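Novice: Please find one structure pasted underneath; my questions will follow.
The values are calculated or read from the model by the stated rules, or taken from the named source; none is laboratory data. Since the model is a prediction, treat every value here as computed from it, not as a measurement. Reconstructed Cβ throughout: ideal geometry from the backbone, glycine too, with neighbour counts over all protein chains shown. Calculation scope for accessible area: heavy atoms of the full protein, side chains included, ligands and nucleic acids excluded. Shrake-Rupley method; radii C 1.70, N 1.55, O 1.52, S 1.80 Å.
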Amino acid sequence: MVKVRRARRRCAAALLALLALPVALPAIGLAQSLEPPPPTPVPVPGGGTSPSPFPTALRTPEPSRQPPQIRAASAILADLGTGRALYESDPDQRRPIASVTKIMTALLVLERTDPANVVTVSPEAAAGRTGAGISQLGLVAGERITVEDLLYALLLQSANDAAIALAEHVSGAVEAFVAEMNRHASRLGLRNTRFASPNGLDNTGFSSARDLVTMTRAAFEHPLFETILATRFRKIPSPSGPSRVIQNRNVLLWLYPGAIGGKTGFTTPAGFCLVAAAEREGVRLVAVVLGEPGEPFSDAAALLDHGFAAFELRELVREGRPFGTVPIAGREVQVVAGASLSGLVAVDAAVRRRVTVRPGVTFPPEAGETVGFVTVSTPDMRMGRVPLVVADVPGPPPAEPGPWWRRAGSAVLEAVSSVLSALLG
């Protein structure tokens, strides 16, 4: 209990220290009215609350095609749709990730149970128990609450007691749930990730910025996950008295145009951590910053600004686009793109399209048959490939040139051959 109280004091002190950080309004250049988030009281040791420690404005440079200078120990900016990295800074470094762990907790819950299911809170999961930390919903033993409400508490308020209740509901015990978290991480191909708890307070679990992109993309496949992350406030019924009102701790929802969600985290070993996603004009990006010495929102916003300024969504190949002819068994065959391909490319980047023919294709091919591929790349990135299909099947070869009597003789011989074949057949 002494260690837990000390950990709570350290967390509270670090959060309150953010109040002293100087901040300035960002230069965003977008027609969107931004208002700072209202105070988000957090509990302090000894009872009571303090004003919100989270920033009310961002410190970001002018958006630029050049990557910004950031303070994170590890970071990555990626295309949320494809996972392709647009910026990296030691992205495979294994680091504790604190409450960012709850992304995997939410992902596993969404894949293993129904949001409408009702959970009966155990004494172990109830608020105030050892290991719950300073972020709590205030669950009480015997309380009945839906999985959906627990997910909102988990991802908005970062409620550690909600993480424990969900883990017990899905797997029967926290230890069994953690084992399933690690199995799921393996299935996702997360090579630098190992979990030790459903809430990240353990400080023995770890992940990497790159793995967190993969994890977040998997979670975004669930519509409820995206809905929750984009929610600013939520009322959750209380077993007695008024409803509990929780507020999202991702202040980018208030301060960054186009923000669609994210997850915060902090412990002393992990530093300040943030996964943040945003969308503008159909471009969806995700930034991960780990091991920040101070508030992580400004660096995440600066990375997102860089992504939106330096990259653009471009149609690289349109289905049906002609690609001339390709040689098949010595004959030229007209081909077109069999699918479309779009992707994020650096602004003003040259795009190369290389046509290759599949080995072993025989003549004549059928209309619509895939006979090759168009591979699309930029100077520093392979963007993908689309099939190359036959647009038109060539006819028979033209008649051989020569005197009329030679052509006539060939025609007679061909006619006689046809008659003989019919008689002998």
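Novice: Just to be sure, is residue 192 under 23 Å from the mean Cα position of the chain (by Cα) and within 20 Å of residue 288 (Cα to Cα)?
Specialist: In short, yes.
Novice: Hey, can you tell me all the residues within the stretch 365-382 that are open to solvent by 20 Å² or more (accessible area, probe 1.4 Å) and not hydroxyl-bearing (Ser, Thr, Tyr)?
Specialist: Within the stretch 365-382, 366, 367, 368, 369, 373, 379, 380, 381, 382 meet the criteria.
Novice: Just the residues that are assigned to a loop (DSSP other than H, G, I, E, B) and either open to solvent by less than 10 Å² (accessible area, probe 1.4 Å) or without any contact (Cβ under 8 Å) to a residue 24 or more places away in the chain (or both), please, taken from the stretch 268-289.
Specialist: Once the filter is applied, which keeps residues that are assigned to a loop (DSSP other than H, G, I, E, B) and either open to solvent by less than 10 Å² (accessible area, probe 1.4 Å) or without any contact (Cβ under 8 Å) to a residue 24 or more places away in the chain (or both), the stretch 268-289 yields only 270.
Novice: With respect to residue 176, is the statement that it is over 22 Å from residue 278 (Cα atoms), small (Gly, Ala, Ser) and at pLDDT 95 or above true?
Specialist: Judged against the criteria, residue 176 is a match.
Novice: Any residue in the stretch 253-273 that is of a type in the set (A, V, I, L, M) and more than 18 Å from the chain's Cα centre (by Cα)?
Specialist: yes
Novice: Would you confirm whether or not the stretch 346-360 contains a residue that is more than 30 Å from residue 200 (Cβ to Cβ), in contact with an Asp or Glu (Cβ under 7 Å, 6 or more places away or on another chain), in contact (Cβ under 8 Å) with a residue 60 or more places away in the chain and not hydroxyl-bearing (Ser, Thr, Tyr)?
Specialist: yes
Novice: Still on this structure, please answer the following. State which residue is nearest to residue 102 (Cα to Cα) when the search covers only the stretch 230-267 and only residues that are of a type in the set (A, V, I, L, M, F, W, C) and in a loop (DSSP other than H, G, I, E, B).
Specialist: Out of the qualifying residues, it is 230.
Novice: From the residues in the stretch 70-91 that are over 20 Å from residue 382 (Cβ atoms), assigned to a loop (DSSP other than H, G, I, E, B) and touching an Asp or Glu at 6+ places or on another chain (Cβ under 9 Å), which one is least open to solvent (accessible area, probe 1.4 Å)? Before the answer, list the steps.
Specialist: First, pick out the residues of the stretch 70-91 that are over 20 Å from residue 382 (Cβ atoms): 70-75, 89-90.
Among the residues that remain, those that are also assigned to a loop (DSSP other than H, G, I, E, B) are: 70-73, 90.
Within this subset, residues satisfying the condition of being touching an Asp or Glu at 6+ places or on another chain (Cβ under 9 Å) are 70-73.
On the way: 70: 33, 71: 103, 72: 14, 73: 39 Å².
Among them, the one singled out is 72.
Novice: Here is a further query. Step by step: first the residues of the stretch 56-83, then only those that are modelled with pLDDT of 95 or more and charged (D, E, K, R), then the one that is farthest from residue 349 (Cα to Cα). Which residue is that?
Specialist: For the stretch 56-83, the residue satisfying everything is 71.
Novice: Answer yes if at least one residue in the stretch 244-251 is free of Cβ contacts under 8 Å to residues at least 24 places away in the same chain and surrounded by fewer than 24 Cβ atoms within 10 Å (Cβ to Cβ), and no otherwise.
Specialist: Within the stretch 244-251 (the criterion being free of Cβ contacts under 8 Å to residues at least 24 places away in the same chain and surrounded by fewer than 24 Cβ atoms within 10 Å (Cβ to Cβ)), the answer is yes, since at least one residue qualifies.
Novice: Mind checking which residues of the stretch 352-374 are assigned to a loop (DSSP other than H, G, I, E, B) and touching a Gly at 6+ places or on another chain (Cβ under 6 Å)?
Specialist: Once the filter is applied, which keeps residues that are assigned to a loop (DSSP other than H, G, I, E, B) and touching a Gly at 6+ places or on another chain (Cβ under 6 Å), the stretch 352-374 yields only 358.
Novice: To continue, here is another question. If the requirement is being under 26 Å from residue 199 (Cβ atoms), in contact with a helix residue (DSSP H, G or I) (Cβ under 8 Å, 6 or more places away or on another chain) and either open to solvent by 10 Å² or more (accessible area, probe 1.4 Å) or among the polar types (S, T, N, Q) (or both), which of these qualifies: 292, 226?
Specialist: The unique qualifying residue is 226.
Novice: How many residues, within the stretch 229-243, are open to solvent by less than 40 Å² (accessible area, probe 1.4 Å), over 21 Å from the mean Cα position of the chain (by Cα) and under 30 Å from residue 302 (Cα atoms)?
Specialist: Residues in the stretch 229-243 being open to solvent by less than 40 Å² (accessible area, probe 1.4 Å), over 21 Å from the mean Cα position of the chain (by Cα) and under 30 Å from residue 302 (Cα atoms): 0 in total.
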